[in-house]
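The values are calculated or read from the model by the stated rules, or taken from the named source; none is laboratory data. Everything numeric here is computed off the predicted structure, so don't read it as measured data. When we count neighbours, we look across all protein chains shown, and the Cβ atoms used for this are built from the backbone with ideal geometry, even at glycine.
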Amino acid sequence: MKERKIILAEKDIPENWYNILANMPNKPMPPLNPATQEPIGPDALAPLFPMGLIKQEVSADKWIPIPEEVRDIYKMWRPSPLYRASNLEKMLDTPAKIYYKYEGVSPAGSHKPNTAVAQVYYNKQEGVKRITTETGAGQWGSALALACNFFDIECEVYMVRVSYEHKPYRKVMMNTWGAEVFPSPSDRTEAGRKILAQDPNSPGSLGIAISEAVERAAMDENTKYSLGSVLNHVLLHQTVIGQEALKQMEIAGDLPDIIVAPFGGGSNFAGISFPFLRLNFEEGKKIRAIASEPASCPKLTRGQFRYDFGDTIGMTPLLPMYTLGHNFVPAPIHAGGLRYHGAGVIVSQLLKDKLIEARAHNQIECFEAGILFAKTEAIIPAPEATHGIATALQEAQKCKEEGVSRTILIHLCGHGNFDMAAYDAYFAGELTEHELTEKEITDSLAELDTPVIE
C-alpha cells in the first residue's frame with residue numbers, strides 16, 4: 001500500500017476563517033421577522049447568541065481572525081490528514097484521481113468540533129453559564145459537549161429520538177464530557193409536549209429538537225443556544241477544512257476538478273468547498289462542488305426556494321432557503337445528521353445561482369458505497385459521509401466511461417465507529433428505501449404561508 005497521508009505542519013493551521021459572502025455575486029436575502037415579515041437586525045438574535053457570533057453572522061469581511069485560544073485547541077487534531085484513495089481508484093479501475101480529507105481524527109470523531117470550540121469560546125467570553133442545542137446523529141452534540149467541557153460551561157442536548165435509540169453510545173460520549181442528553185420530542189418543553197400530543201410515537205426531527213433547545217435557551221438569561229449547521233457563522237468556522245485541503249493539494253501537485261460532500265444543513269459541505277469556490281470567484285477556476293443529500297430528505301434537489309422557519313414550531317426568524325417545509329418529518333434513515341428540512345441560506349443562494357450542484361442518493365446505495373470505501377481504504381465512514389462517497393463513485397465511473405482523468409476530492413466528515421447498528425441493519429437486510437413522492441413534498445410545502453422567492 002502506498003503512503004497515503006499528505007502532511008501539513010501545525011503551523012499550517014489557518015489563522016483566519018474564510019467568509020464566502022465577501023465573494024458572492026448575489027448576497028443572500030435577509031432573515032425576516034415572522035410577525036411583520038420585515039428584515040431583522042442583529043439585535044433580534046441577541047437572546048440566543050453571544051454578540052461575538054452575531055457579528056460574524058452578519059459580517060461581509062473576507063477573512064475573520066481565529067482567536068489563539070481556539071487555534072490552541074484545534075492543535076489537538078488539526079491539521080487533519082488528506083489521503084489519496086489509491087486502493088479505491090484501483091478497485092474502480094478509473095482514470096480519476098480520488099482524494100479525501102478526513103475529519104474523523106477529531107476527539108468527537110467528526111468535523112463538528114471546528115465550530116463547537118469556536119462557538120463555546122465566544123459564549124465563555126460573554127459569561128454564558130449554559131448552552132442548549134439539538135443533535136441528529138449525535139456528532140454535533142458530542143462536539144458541543146466536548147467544547148463545553150473545555151470551557152467549563154453546562155451543556156444540554158436534545159437528541160432526535162430515532163437517533164437517541166439507534167446510537168446509544170453517542171449519548172454516553174456526551175454524558176462522559178458532562179452533557180445532559182434528552183430524547184426529542186421530550187416532555188421538558190412546550191414544543192416537545194405539543195408534538196407528543198399529536199404523535200406519541202414521533203421519531204423526532206432536527207426541526208423539532210431545535211424548537212426544544214431554542215425554547216430552553218429563551219427561558220433563561222444565563223443560557224444561550226448553539227446550532228451545529230445552517231447559520232453563516234457555523235459555515236464560516238468550518239472553512240479551516242478547505243483551507244488546509246487547498247495547501248495539501250498543492251503539496252500533492254494537484255487541484256480538484258470536483259469536490260463532493262454530504263449535505264444536511266450546510267456546514268459539512270461549506271467547510272470543504274468554500275475555500276475552493278474562492279478560486280472560482282477570484283481566479284476563474286471551474287471547480288465543481290456537489291452537495292450529496294438523502295433521497296428521503298431532498299431539500300436541495302426537490303425542495304422549494306422560499307422563506308421558512310429553521311425549526312418546527314416556528315421560533316426562529318424566517319430564513320431564505322431551499323426547504324421541504326418546517327413541519328416535514330423525514331423517514332428514520334440512519335444518516336441522522338442529514339435529516340433536516342432546510343438548507344443554510346448561503347448554500348441555498350449559491351445553488352439558486354447555479355454556482356454549486358446537488359445530488360440525492362438512496363440509503364442502500366450509500367451503505368454499499370461506504371462498505372466499498374471501508375474495504376479499500378480501511379476507514380468505516382459515518383452514514384452521513386457515505387453520501388459524498390456515493391457521488392464520488394458516480395463521478396469516477398463517468399471518468400471511466402469517458403476515458404477522462406479528473407481529480408475528485410471527498411470530504412470524509414467522520415468515522416462510523418458509533419454507527420455499527422446501522423451497518424448491522426444493512427447486513428441483515430433490514431434497511432428500507434424511502435424516496436418521497438411529489439404529493440408528499442407538495443402537501444408539506446402547502447402547509448407554509450411564508451413568502452416564495454422568485
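Observations on the structure shown:
- Highlighted here are the strands (runs of 3 or more DSSP E) found entirely within the range 1-114 that include at least 2 residues which are buried (at least 19 other Cβ atoms within 10 Å of the Cβ) and of a type outside the set (Gly, Ala, Ser): 16-18, 82-84, 97-102.
- In this entry, Ser186 passes the filter for residues that are surrounded by fewer than 23 Cβ atoms within 10 Å (Cβ to Cβ), of a type outside the set (Val, Ile, Thr) and free of Cβ contacts under 8 Å to residues at least 60 places away in the same chain.
- Subset of the range 243-282 [assigned to a helix (DSSP H, G or I), farther than 25 Å from Val345 by Cβ and not acidic (Asp, Glu)]: Lys247, Gln248, Met249, Ile251
- Residue in the range 364-376 that is modelled with pLDDT of 95 or more and in a loop (DSSP other than H, G, I, E, B) present: no
- Filtering the range 177-223 to residues that are more than 23 Å from Phe49 (Cβ to Cβ) and among the basic types (Lys, Arg) leaves Arg193, Lys194.
- Pairs are defined by a Cβ separation below 8 Å, a sequence spacing of at least 6 or placement on different chains, a first member in the range 156-175 that is assigned by TED's automatic domain parsing to the domain that holds Ser186, and a second member that is in a helix (DSSP H, G or I) and of a type in the set (Asp, Glu); the pairs so defined are Tyr158/Glu212.
- Note on the range 189-209: residues that are at pLDDT 90 or above, surrounded by 15 or more Cβ atoms within 10 Å (Cβ to Cβ) and not in a loop (DSSP other than H, G, I, E, B) total 6.
- Selection from the range 344-363 of residues that are not in a helix (DSSP H, G or I) and not acidic (Asp, Glu): Gly344, Lys354, Leu355, Ile356, Ala358, Arg359, Ala360, His361, Asn362
- Checking each residue in the range 123-156 for being surrounded by fewer than 24 Cβ atoms within 10 Å (Cβ to Cβ) and touching a Pro at 6+ places or on another chain (Cβ under 6 Å) picks out only Glu126.
- Note on the range 286-301: among residues that are over 12 Å from Tyr340 (Cα atoms) and among the polar types (S, T, N, Q), the one that is surrounded by the most Cβ atoms within 10 Å (Cβ to Cβ) is Ser292.
- Among the candidates Gln304, Gln363, Gln349, residue that is among the polar types (S, T, N, Q) and either surrounded by fewer than 24 Cβ atoms within 10 Å (Cβ to Cβ) or assigned by TED's automatic domain parsing to the domain that holds Val58 (or both): Gln304
- Per the conditions (1) crowded, with 19+ Cβ neighbours inside 10 Å; (2) part of a helix (DSSP H, G or I); (3) of a type outside the set (A, V, I, L, M, F, W, C), the sole criterion not satisfied by Glu440 is (1).
Residues checked against (1) more than 30 Å from Gly314 (Cα to Cα); (2) surrounded by 24 or more Cβ atoms within 10 Å (Cβ to Cβ); (3) in contact with a strand residue (DSSP E or B) (Cβ under 8 Å, 6 or more places away or on another chain); (4) hydrophobic (A, V, I, L, M, F, W, C):
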site	(1), (2), (3), (4)
Glu368	yes, no, no, no
Glu384	no, yes, yes, no
His387	no, yes, yes, no
Ser405	yes, no, yes, no
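- Residue within the range 325-342 that is on the phi > 0 side of the Ramachandran plot and in contact with a helix residue (DSSP H, G or I) (Cβ under 6 Å, 6 or more places away or on another chain) present: yes
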